[in-house]
1. For labels at A:SER275 and A:GLU224 in the simple 7 Å Cα→Cβ model, what's the distance in nm?
2. What dipole magnitude, in Debye to the nearest 20, does region B:2-197 give about its Cα centre under +1 on Lys/Arg Cβ and -1 on Asp/Glu Cβ?
3. With labels modelled as points extended 7 Å from the Cα through the Cβ direction, what inter-label distance (nm, one decimal) is found for A:CYS405 paired with A:ALA178?
4. With both bridge residues required to lie in chain A, what share of the DSSP beta bridges run antiparallel, to the nearest 5%?
5. Residue by residue through A:338-349, how many Cβ atoms from other chains fall within 10 Å of the Cβ on average?
6. Suppose every K and R has +1 on its Cβ and every D and E has -1 on its Cβ; what is the size of the dipole of region A:363-529 about the Cα centre, in Debye to the nearest 20?
7. I'd like the mean, over residues of A:559-569, of how many other protein chain beta carbons sit within 10 Å of each residue's own Cβ.
8. Which lysines, if any, have their Cα less than 19 Å from the Cα of A:LYS250, not counting same-chain residues under 8 positions apart?
Amino acid sequence: MKELLMGNEAAALGALAAGVQVAAGYPGTPSTEVLETLAGRSTGGLHAEWSVNEKAAMEVAAGASYAGARTLVTMKQVGLNVASDPLMCVNYVGIKGGMVVYVADDPGPISSQTEQDTRRFAAYAKVPVFDCTSPEEAFEMIQEAYTYSEKYGTPVILRSTTRICHSCAVVDVPELTAPGRAEGFIKDSRRWVIFPRLSYENKKKLVAREKVLSDDFSSYGRNEIIGNGPYGIACGGVSFAYVKEAILGKEDLFTVFKVCTPYPFPESMARKFLSGVGKTAVFEELDPVIEDCLISLSGTLEHRMEIAGKRTESVPCAGELSAAAVGLALSEIFGTDTLIQPRSCEEQPPVPVRPPVLCAGCPHRASFYAVKKAAAGMKANFCGDIGCYTLGNAAPLDMVDTCLCMGAGVTAAQGIGHAEPDTVNFSFIGDSTFFASGITGVVNAVYNKADIILIVLDNSTTAMTGHQPHPGTGITLMGDVTETVSIEAVLKGIGVGFAETVDPLDLKKAVETVKRAIDQTGVRAVIFKSPCIAIVKHDKPLIINADQCIGCRKCIRELGCPAMSMDGKHAAIDTSLCTGCGLCRQVCPTGCIGKEEAR
Amino acid sequence: MKSCLLCGVGGQGTVLASRILAMAAIEKGGFARTAETIGMAQRGGCVTSHVRIGESVPSPLIPPGRADAILAFEPGEGVRNLSYLKEGGTLIASDRIVPSVASSLAGAEYSGEAMIRYLKDNVRDCFILSAGEVERICGSVRFMNMALAGALAESGVMELTVPDLEKAIRKKVKQQFVEMNLQALQYGAAMIKESKRA
């Protein structure tokens, strides 16, 4: 049946069509929808889980692959850093059941800390990487990836990027059937136990395999040389789509080399491509991976080959590419008429800037505000973490002084405290992030006598990525009820003496609890528990009694709620956004904010 | 190939509207691509959805100057994205602004009138829909997305009709919201009919 599918959904259905039996991942934009789709569309015979983090996910999948199951691991690019420990070993050990690691890169970056390139990671790990150019290709390619994985007994990576993950195309999906049972784990300690001797032997095989795979990929149907024009273009991923758009109607001028397996690089096909063109432009987002392969290859050619790309500053080295950027670069490199002109818009009135903000009614706003009030006048640092609450950095809250990677808020605060003992250091961490990589940091703090105040922002979901369950929610990916892991009990078990749970929307009590935490020493924790407003029914919106509003702007100045703005001399609440959280009501000095009935 | 850019502020329902447009095209046997803003940028930030319909759609994103139509869920966002509209293209916008937190904090004046005036002065085929009317008819301004879609269908630019969209809405939208969405769709279509007559 023909369906409109996001790239992530297409990859998931492709994996189901390939008979995936075990799937594990951790939510992360832009990869999240893959596992959700697997769980939603499976017809049985599948174990799919939100693992506690990417390392756990990769290891769960590795074990299942040892037992002969086809497995899928999903994550965003920075998740691969977390999973790199098992990846850098399972490549040496190898697998039995096909294992595909789906990694979503984020050029821009749009929703990530870094612009790292998973194709580089794959080459570093000596793991073959497939790079899809469209959602419909992701559907086919993931099925082929399983075949290669089993043919060579190696995990393989399927790399995608935001504009493929989150763009939709029409895909013809066959009827999906449940897979059979895996063969099972066959004990063989010389195969499955990684010892130095085994690694030495297998390293030789990995290196030898590179050449074999390169040849194999030179006849892989998705690596293509298209056209036979005088100007060369090499590209991969979504950049292939931008190239098609930029050369629309002028295809005769170009020979396009579409690279879907950047590692191992299809060298013999690349030689054929280079022999047909005089000069080549390379379009790829993130790192110059294809470009470097071509440069290295051109060193072995008899004639000099000119390659224009990021290394020659012909193509931007950071951020997303676009058809317009490709068109401009082509016109500069080859003098072709490929410029894409925007509509001219002169004398535009200034439009407001709109950085992303915490939603109206978001309990994190109340938590940050309570800590800000409690720590007022102190020499305090606020170490943030990864999640919606990173947005607490924006004015007027301004409550995120550092943000590095998952869990670093807990540990970075310890480091600042050791270096500067006269400061009060707060660590903010969300519930899902706490389970993913916060707990070890708290153990570190207790063990090493750090002095921090841990603020757990528990909104009972993984909000930023679209509300996935986690170990604290009592629900699994498949929707089954499971054991609920209590954050407070975990903290107490670790040895955190002061660990109190409080509702951040009760401002007075919240401030008082944080103040009591500040008065103690060592590791103290306050768990702010209030559900994400996107997953619960809202209270009635609040309204402002204009007669009583003195126009002091305190609510706007201190809270930055998107439902509030000034309407002439008075504050106003957008009732279509207000969730009735009541924070503004507790901040207003005149008591002019109330429920509608009270008017 | 026909391309429509939908732009607005996170939470206004641009994603649903773009999916409805694409699904309507598929129902008619066509091919479609869409690309939407999902993730951090969604939280009250600027969002865009690209919808491209036709036999050979090369890329998911509409290049600047190549949109046949723009649906502006917020007039200022229409101004921000106007460079995407091709010469002779159609723009349909909501008349209601969404205040930005950054502007409110800075105490900056932001009026919809200046935005709408600019759009009208610079786009020949420019249609403005009343958020107040959508609120009155459907009970919430949230249904503006379908009003804009209805207006787009009636304009004929994307080669989709109002009944095409109606079919897609019935298929995609939760049962209890279908009726409201259809009323919004009809309101948008009626506004275009009226302006064409005038």
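Each value in this text was obtained by applying a stated rule to the coordinates, not by laboratory testing. Just so we're clear, the structure is a prediction, and the values are computed from it rather than from any experiment. A quick note on method: Cβ atoms are made from the backbone with ideal geometry, for glycine too, and the neighbour counts reach across all protein chains shown.
1. It works out to 2.2 nm between the two label points.
2. Dipole of region B:2-197, to the nearest 20 debye: 400 debye.
3. Inter-label distance under the simple model: 4.0 nm.
4. Around 25 percent antiparallel, to the nearest 5.
5. Average neighbour count from other chains, rounded to a whole number: 6.
6. The dipole magnitude comes to about 340 debye.
7. Neighbouring Cβ atoms belonging to other protein chains average 3 per residue here.
8. Answer for A:LYS250, where 19 Å is the Cα cut-off: A:LYS258, A:LYS279, listed by chain and number.
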